[in-house]
Structures are given as C-alpha cells and as structure tokens.
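Here is the structure we will look at.
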Amino acid sequence: MNLLQRHIFKSVLFSCAAAVGMFAFILTVGNVVRDLLGYLVAGQLAPGLFFQLLLLIPPFVLSYALPFGVLTGVLLVLGRMSAEHEITAIRAAGLSLRWVARPILVLAALGVFADVVINFQFMPWARVVYHVELNNAVRQDPLSFIVPRTFIRDFPGKVLYVGEKNGPGVKDFWLWELDAQGRVKNSIRAASGTFDFDERTGDLILNLNHIQVEARDAKNPEDFTLPRPSLSSERTSVRLPLGGLFGQSVFHPKLQWYALPKLRAEWQRLAQPVAPAEQAQRELDRMKLRIVVQDKLTTAFAVFSFALIAVPLGIKASRKETSANLGLALALAMGYYFLTVAIGWLDRRPELRPDLLLWLPNLLFVGVGLWMFWRVDKR
C-alpha cells in the first residue's frame, strides 16, 4: 500500500511542480512586460541589468504561483486517475478517500511551509533588491532615461520630448504639463538646454535656454478660441523627480516587503505609547501591519486549502482534459483572491478586524472541501 501512496505523491509532486513553473513563468512575463520591457526596448536599461532584475522576479511571483500550481496539479492528477478508473480500483480494494488524500495533504503541508519562508524571507529580499538596483541604475546614469525623438510619459502630469541629445545637452526640447484629466494646461519649448542630476533629492534638473511658455485656460484648456498668454525667457530651470520612473527616487520599501525581523521591529515601534491625538493613526498603522502579516500567512495556508478542495473536486470532475481542469483551477483561485482583495479594502476600519477576516476565504475553502470529502467518500 505504501508503494501506491508513493506513486500518488510523486505524480502530484511532478504535476504541481510543472503547474507552479507554468504560473510563475506567466506572472514573470507579465511583470517584465509591465515594468521592464519598454525601458529595455527604448535603451533605458542595459541588457545586463535587465537580466539581473529578471532573476529577482520569480521569488516574488512564487508566493502566488505556489497555491495556483498545487490546486492545478492536484486537479490534473486526480481528474486523470478518476477518469481512468484508478480511483475506483483503489476504493474497490477497501481504501478510503482519506487514504488517497494523505500523501497529497502531506505535500500541501510542505508547500505551506515553503510559502511561509518565501513570504517572510525570499520575497521581501527580492523586492527590496529589485527596487534598490533600479534606483542605483537611475543614480549611476540618470540621463539614460531621456531618449531622443520619443514622447516620454513616465513623469506624473508631464510629457517630454527631446529632438536631439548629446551627452547632457539637448536641442528642440518640449514639455507639456497636464491637468487631472490628461489635458495640456501649459507647454514649454526650449531651443536648447542641459540636464543635471541632484544627488541629494534624486531629481533631474533641466537648465533651458531660449524658452517659449504658453499657458491655456485652466477651466477649459481645449478651447482654442480663448486667449492663450505666452511669455519668453532666455533661461529657466525645471525639476523632474525621477520617482516618476520607478516608484521612489529615494527608495523606501513597502510594508509588504518587510522581512520577518523588520516586521517584528516595526511592531515594537508601534507598541510604543503616543499622545492621545495620535492614537487613532497609531491604531490604523497597527492594523495595516497586522493585515500584512496575516496576508502572508493566509496566502501560504491557501496551498493547503486549495489542495483540500481539489482532492474531492478532482475525483468528482473525472476529467482528463487539461484545459478544463486549468479553467476550473483558475476560477477557484480568482474567487479566492477576489475575496482577499475585497477584505483588504477594510484596512481603515480596524473595528471590523480585517486582519482576522483575511482567514475567511481559507475557512470557506476548507469548509467546502471537508463537505465535499464527506459527500464523495459516501459514494
């Protein structure tokens, strides 16, 4: 009998590993396309730095790919075994569904431990190094992010265009300032200028020559019948914060990117007494920290919850088709993460205890899984 359980364990292990790899690849590609590919194509990132940053994405996406992969892997293996009547043969030999599920739940428990380590150690490390390297790239060669004959839209509320660039010098420079609706409210054109970098603030400084400034009506900037005052100047300077390119010019990690020692230090800091006027904000800060910790734990425990519901669901579905099982896995996982995100919106309502409510999706999956276990085991 142990031989059969080892067979189930190995089959689910390899299937889950393949599914985790597939989801990690998809999520990595999505992050690359969203964050890095445009800058690589535009010449704003060196190929060496691009591949270095690429290697720092998998530790981050594995936190989410692991529950997805375990759910998919279990559905694929048990769906195939059920469709080929292997499960029927096992149960005809007098073995229960709990016996079949034992090696799968052991594997899921190992997955929970692995995801906890990833969430509290490797993912924070990878995210911090990722953004530190980006900030270092900006500081080492900040002018590389200005590409000639390209509309640069990375700075919030501004669009830039440079006709020619020669080192720090530029010609035919345009700057459009946008309102909240994305309409041009002011435009600046300069015949030439130079770029400088402020190491203290992390800002690009544009020293422009022979400037023409045109202002539009603040209420209706697209009404060209209204007078548009303009002025000329020989020289002026404009500051552009490089935080608009990759988050922050001076990097401050998000709370979600704190490793376990830093989370402990932050909790101790928030435990210090404060003035009564600051007590409400301190409670909100504590709740945000609790939500981060519980989110890391619940995401890891989702590996077990997904495996538990996938066992009876895979047997009941009895499908060989990979696409059908993938679709079912995606639907379940999307429902889980939608509930998690919705609960996260309550972070400013500490009286509702959103940190504890984050366990609700897991409890729901465990409850449904146990109920389906009972139903399938009775058949």
- Item | Angle in degrees between helix 322-344 and the longest Cα principal axis of the chain, rounded to the nearest 10 | 60 degrees
- Query: Can you list residues whose amide H is under 5 Å from residue 236's amide H, if they're 5+ apart or on another chain and H is modeled 1.01 Å from N?
  - Reply: 208
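Of 158/254; 10/378; 158/296; 296/378, which sit over 30 Å apart, Cα to Cα?
Beyond 30 Å between Cα atoms: 158/296; 296/378.
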- Note on the structure: Ranked output for segments 299-306, 122-129 by mean other Cβ atoms within 10 Å, highest leading, reads 299-306, 122-129
- Task: At most 13 other Cβ atoms within 10 Å plus a DSSP loop assignment makes a site exposed; report the longest stretch of the chain without any exposed GluC sites (Glu not before Pro).
- Result: 85-198
- Message: Could you give each residue of the stretch 113-122 its phi-based ³J(HN,Hα) in whole Hz, using Karplus coefficients 6.51, -1.76, 1.60 with θ = phi - 60°, and x for Gly or Pro?
- Response: 4, 4, 5, 4, 4, 4, 5, 9, 10, 6
- Across the stretch 365-376, in residue order, what do the Karplus-derived ³J(HN,Hα) couplings come to in whole Hz, using 6.51 cos²θ - 1.76 cosθ + 1.60 with θ = phi - 60° and x for Gly and Pro? 5, 5, x, 5, x, 5, 5, 5, 3, 4, 5, 5
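Pairs of alpha-carbon atoms within less than 8 angstrom and 6+ residues apart define the contacts here; what relative contact order does the chain have, in percent?
RCO, the chain: 20 percent.
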- J(HN,Hα) series, the stretch 77-89, from Karplus relation 6.51 cos²θ - 1.76 cosθ + 1.60, nearest Hz, glycine and proline x: 5, 6, x, 5, 5, 5, 5, 8, 6, 5, 5, 4, 5
- Once the mean 1/r over all distinct Cα pairs of the stretch 180-222 is inverted, what Kirkwood radius in angstroms do you read off? 12.5 Å
- Note on the structure: Taking every other residue with Cβ under 15 Å from the Cβ of residue 121 and scoring Lys and Arg +1, Asp and Glu -1, one gets +3
- Message: Just to confirm a number: summing +1 for Lys and Arg and -1 for Asp and Glu over residues other than residue 169 whose beta-carbon lies under 15 angstrom from that of residue 169, what do you get?
- Response: 0
- Note on the structure: In Å, the C-alpha Rg and Dmax of the stretch 155-244 are 13.8, 44
- Message: Restricting to Cα pairs below 8 Å that are 6+ residues apart, what does the relative contact order work out to for the stretch 155-244? Please round to a whole percent.
- Response: 24 percent
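Using a cut-off of 14 Å between beta-carbons, work out the net charge of the residues near residue 304 (Lys and Arg +1, Asp and Glu -1, residue 304 not included).
0
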- Note on the structure: Among 111, 159, 148, the residue whose Cα sits farthest towards the positive end of the charge dipole of the chain (+1 at Cβ of Lys and Arg, -1 at Cβ of Asp and Glu, taken about the Cα centre) is 111
- Item | For the stretch 1-159: span of alpha carbons on each principal axis (Å, largest first) | 73, 29, 28
- Furthest towards positive pole of dipole, 240, 302, 2, structure part the chain, Cβ charges: 2
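Every number here is computed from the coordinates shown, using simple stated rules; none is lab data. Being a predicted model, the structure only gives us computed values, none of them experimental. A quick note on method: Cβ atoms are made from the backbone with ideal geometry, for glycine too, and the neighbour counts reach across all protein chains shown.
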